[in-house]
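Notes follow the structure.
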Amino acid sequence: MEEQLRQRLSQIVRSDDVVLFMKGNRQAPQCGFSAQVVQILDRLVADYSTVDVLQDPEIREGVKEFSEWPTIPQLYIRGEFQGGCDIVREMYREGELHQALGVERTQAVVPELRVTPAAVELLQGAQAQHGGGDLHLGIDALFRHSLGFGPAAGDEVAVDLGGLVILLDADSAQRAHGLMIDVQETPQGPRLSIDNPNAPPPVKQLSAQELEGLRSAGDEVRLIDVRTPEERERASIEGAEVLDDELEQELRELDPQSRIVFFCHTGRRSQVAAQRLAARGFTNVHNLAGGIDAWSRDVDPSVPRY
């Protein structure tokens with residue numbers, strides 16, 4: 001392997017605590033094995049980095065030599081190679097992945113779920129349309145809920161509602177106590193609605209003009225930039241702090257009612273960072289809607305757009 005590629009890969013695997021080389025990305029995996037690893041990681045951690053090897057043939061082939069592992073996906077935790085899909089699944093089952101990620105392993109407990117008769121009827125109808133497959137409820141580390149049909153893995157928690165059985169992995173079951181599934185009427189017809197009392201308060205969206213108003217009034221606001229160093233060289237907001245390991249630790253020790261605003265280029269990455277902090281019990285967390293691009297467009301045109 002050329003030294004330049006080796007250094008590039010070494011920099012990538014150390015760019016975040018958790019880095020997954022995969023086909024596609026977290027939102028749209030392009031192979032079943034990548035999708036399985038994403039599903040497992042989503043259960044345990046709110047944020048991690050992915051590298052789409054389909055977009056870079058050099059990375060796709062180089063990482064196999066770099067790790068001495070012949071297949072994709074490949075998972076790195078704090079710069080250390082963990083393995084591919086089968087190994088990650090085994091690590092998850094045995095609790096080794098929880099330990100590697102610094103996440104407490106939850107015990108498999110049967111949660112109390114409340115499902116209205118209308119919701120049961122709607123789910124049973126959908127189940128019949130899917131050939132009677134098992135119904136799975138997933139709740140990831142950001143408390144995003146998913147319902148789907150598929151074969152049972154054998155280690156799920158089963159909630160029997162009398163005529164309808166819902167399967168949950170152990171981590172989802174821990175987040176599901178008191179969850180309510182109901183039916184909501186919409187212009188497009190009846191839709192399931194999920195109310196989870198365990199979910200953290202939603203992250204507030206703050207417009208660029210609202211942020212400027214707070215700063216102009218002298219209100220205390222911690223403005224945190226989650227972008228890359230390259231992006232910060234292009235454009236910045238005066239007074240913003242860079243999210244690094246030191247600031248990450250400082251945030252953990254702040255008053256949970258502190259007003260904190262995250263921003264990135266367009267607001268997507270900062271939304272995840274804000275959700276992570278909200279999940280720790282912080283109640284005054286905001287995301288700068290539209291990111292620094294909105295700030296440049298609506299408040300300070302001297303900030304370059306990119």
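Computed values, structure above
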read-out: Options R268, R276, R297; residue that is surrounded by fewer than 22 Cβ atoms within 10 Å (Cβ to Cβ), among the basic types (K, R) and without any contact (Cβ under 8 Å) to a residue 24 or more places away in the chain; value: R268
read-out: Condition check for A46: within 14 Å of the chain's Cα centre (by Cα), outside the structural domain of R144 (by TED's automatic domain parsing) and loosely packed, with under 15 Cβ neighbours inside 10 Å; value: no
read-out: Qualifying positions in the range 142-165 - in contact (Cβ under 8 Å) with a residue 40 or more places away in the chain, under 25 Å from the mean Cα position of the chain (by Cα), more than 30 Å from S270 (Cβ to Cβ) and surrounded by 16 or more Cβ atoms within 10 Å (Cβ to Cβ); value: V157
read-out: Residue tally, condition closer than 18 Å to G32 by Cα, under 19 Å from the mean Cα position of the chain (by Cα) and among the β-branched types (V, I, T), over the range 49-101; value: 3
read-out: Residue within the range 111-123 that is touching a Leu at 6+ places or on another chain (Cβ under 7 Å), without any contact (Cβ under 8 Å) to a residue 60 or more places away in the chain, β-branched (V, I, T) and part of a helix (DSSP H, G or I) present; value: yes
read-out: Verdict on R227 being basic (K, R), in a helix (DSSP H, G or I) and surrounded by 13 or more Cβ atoms within 10 Å (Cβ to Cβ); value: no
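Yes/no per residue for (1) touching an Asp or Glu at 6+ places or on another chain (Cβ under 9 Å); (2) assigned by TED's automatic domain parsing to the domain that holds N25; (3) at pLDDT 85 or above:
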residue	(1), (2), (3)
D245	no, no, no
E248	no, no, no
I260	no, no, yes
H265	yes, no, yes
Q271	no, no, yes
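The values are calculated or read from the model by the stated rules, or taken from the named source; none is laboratory data. The structure displayed is predicted, hence computed values, not measured ones. All Cβ positions, even for glycine, are placed from backbone atoms using ideal geometry, and neighbour counts span all protein chains on display.
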